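Engineer: Could you have a look at this structure, given as structure tokens, before my questions?
The values are calculated or read from the model by the stated rules, or taken from the named source; none is laboratory data. None of these values were measured; they are calculated from a predicted model. Cβ placement follows ideal geometry from the backbone for every residue including glycine, while neighbour counts extend to all protein chains displayed.
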Amino acid sequence: MSSSVLIHERFRGFPTLALGGYVGGVLAKAIGNSVEVRFLKPVMIGARLDLERLNGGQVVLRDGEGPVAEATATKLDMERPAVVGLIEAQAASRSYPGFTHHLFPGCFGCGPSRADGDGLRIFPGWIPERNMVAAVWTPYASVADVEGHIWTEAVWSALDCPAVWALIATTPADSANRVVTGTCAVEVIEPVMLGDEYIVLGWPLGMDGRRLFAGAALMSTRGDLHALAKHTCVLTRQGAPLGFDAWRRPA
């Protein structure tokens, strides 16, 4: 069984590419609340894609040349992070480095040039004593259904950029390394609702060869865990620069 998918320009990460978190959410919505997505190639915004459900529960997203991503149900086994309070998260967000230097200011997740109600406007700032980034997120009605539930695609998108910013924050500023997301596993534990305020966290989880790992979480301001994620990023010659010096000049 298959269906057609068109990813609107609104949901971009890089200028011509769909945000990986959004693509992951498209696949996850077809499976359930705990899903791992493997990204095989970048997805161009505006491209017509086919979402195919295979026997055994796997879901594959294809363009005209073949698979671009595939997803399966998973069990996410990782520790929940410590609770970060609202005031602490607000202070961290005010120090978001992307306010002054951002290579992709139109990113759906963390782009500061996106208007209220358009992008998610999640701005993660570093908290050194906690070894993580934090931001405050109040979802807009433009990413909610009629019952006030925030789209799966928006929840996955909210967990995407903070994980990458956590890696940037813990990489030497003069590093020439770049990464792309290889896999992302997300477990949605409680619904994310319109009208509520949330704290989004990201933190590094170490490195194994060319793979870097990062966690991300979405919590209520009371400390209730709503979603948890583990990102596996791969060092490449292209992708998002990890050294922040590269963010100070054109790519």
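Engineer: Within the stretch 19-41, how many residues turn out to be among the hydroxyl-bearing types (Ser, Thr, Tyr) and at pLDDT below 95?
Structural biologist: From the stretch 19-41, those among the hydroxyl-bearing types (Ser, Thr, Tyr) are 22, 34; that's our starting set.
Of the ones still in play, those that are also at pLDDT below 95 are none.
So the count comes out to 0.
Engineer: Being under 18 Å from the mean Cα position of the chain (by Cα) and of a type in the set (Asp, Glu) is true for just one of ASP77, ASP50, ASP63, ASP118. Which residue is that?
Structural biologist: Details: ASP77 fails: under 18 Å from the mean Cα position of the chain (by Cα); ASP50 fails: under 18 Å from the mean Cα position of the chain (by Cα); ASP63 fails: under 18 Å from the mean Cα position of the chain (by Cα).
Just one listed residue meets the conditions, ASP118.
Engineer: Restricted to the stretch 184-195, and to residues that are in contact with a His (Cβ under 9 Å, 6 or more places away or on another chain) and crowded, with 19+ Cβ neighbours inside 10 Å, which residue is nearest to VAL43 (Cα to Cα)?
Structural biologist: Our first condition is that a residue be in contact with a His (Cβ under 9 Å, 6 or more places away or on another chain); within the stretch 184-195, this holds for 184-185, 188-194.
If we keep only those that are crowded, with 19+ Cβ neighbours inside 10 Å as well, we get 184-185, 188, 192.
Values: CYS184: 15, ALA185: 18, VAL188: 24, VAL192: 26 Å.
Result: CYS184.
Engineer: Something else now. Checking ASP116 against (1) within 17 Å of ALA163 (Cβ to Cβ); (2) among the charged types (D, E, K, R); (3) in contact with a Phe, Trp or Tyr (Cβ under 9 Å, 6 or more places away or on another chain), which single condition isn't satisfied?
Structural biologist: Going through the list (1) within 17 Å of ALA163 (Cβ to Cβ); (2) among the charged types (D, E, K, R); (3) in contact with a Phe, Trp or Tyr (Cβ under 9 Å, 6 or more places away or on another chain), ASP116 breaks only (1).
Engineer: Of everything in the stretch 106-160, what is polar (S, T, N, Q) and more than 15 Å from VAL200 (Cα to Cα)? Give them in sequence order.
Structural biologist: In the first step, residues of the stretch 106-160 are kept if they are polar (S, T, N, Q); the result is 113, 131, 138, 142, 152, 157.
Correct list: SER113, SER142, THR152.
Engineer: What strands (runs of 3 or more DSSP E), lying completely within the stretch 1-82, carry at least 3 residues that are acidic (Asp, Glu), out of contact with any Pro (no Cβ under 7 Å at 6 or more places or on another chain) and not assigned by TED's automatic domain parsing to the domain that holds ASP160? So that I can check it myself, show each step before the final result.
Structural biologist: Working: elements: 2-6, 34-39, 48-53, 59-63, 66-73.
So the answer is none; nothing clears 3.
Engineer: Another question, if that's okay. If you check GLU52 against the conditions, is it touching a Lys or Arg at 6+ places or on another chain (Cβ under 7 Å) and in contact (Cβ under 8 Å) with a residue 40 or more places away in the chain?
Structural biologist: On the way: touching a Lys or Arg at 6+ places or on another chain (Cβ under 7 Å): yes; in contact (Cβ under 8 Å) with a residue 40 or more places away in the chain: yes.
Judged against the criteria, GLU52 is a match.
Engineer: For the stretch 112-135, which positions are small (Gly, Ala, Ser), touching a helix residue (DSSP H, G or I) at 6+ places or on another chain (Cβ under 9 Å) and surrounded by fewer than 24 Cβ atoms within 10 Å (Cβ to Cβ)? Spell out how you get there, then give the answer.
Structural biologist: We begin by selecting, within the stretch 112-135, every residue small (Gly, Ala, Ser); these are 113, 115, 117, 119, 125, 134-135.
So of that shortlist, the ones also touching a helix residue (DSSP H, G or I) at 6+ places or on another chain (Cβ under 9 Å) come out as 117, 119, 125, 134-135.
Passing the criteria: GLY117, GLY125.
Engineer: Find the residue count for the stretch 213-251, including only residues that are of a type in the set (A, V, I, L, M), touching a helix residue (DSSP H, G or I) at 6+ places or on another chain (Cβ under 7 Å) and at pLDDT 95 or above.
Structural biologist: Of the stretch 213-251, the ones of a type in the set (A, V, I, L, M) are 214, 216-219, 225, 227-229, 234-235, 240, 242, 246, 251.
Pick out the ones that are also touching a helix residue (DSSP H, G or I) at 6+ places or on another chain (Cβ under 7 Å) and you get 214, 216, 218, 227, 229, 240, 242.
Add one more test, that the residue is at pLDDT 95 or above, and what stays is 214, 216, 218, 227, 229, 242.
Residues in the stretch 213-251 being of a type in the set (A, V, I, L, M), touching a helix residue (DSSP H, G or I) at 6+ places or on another chain (Cβ under 7 Å) and at pLDDT 95 or above: 6 in total.
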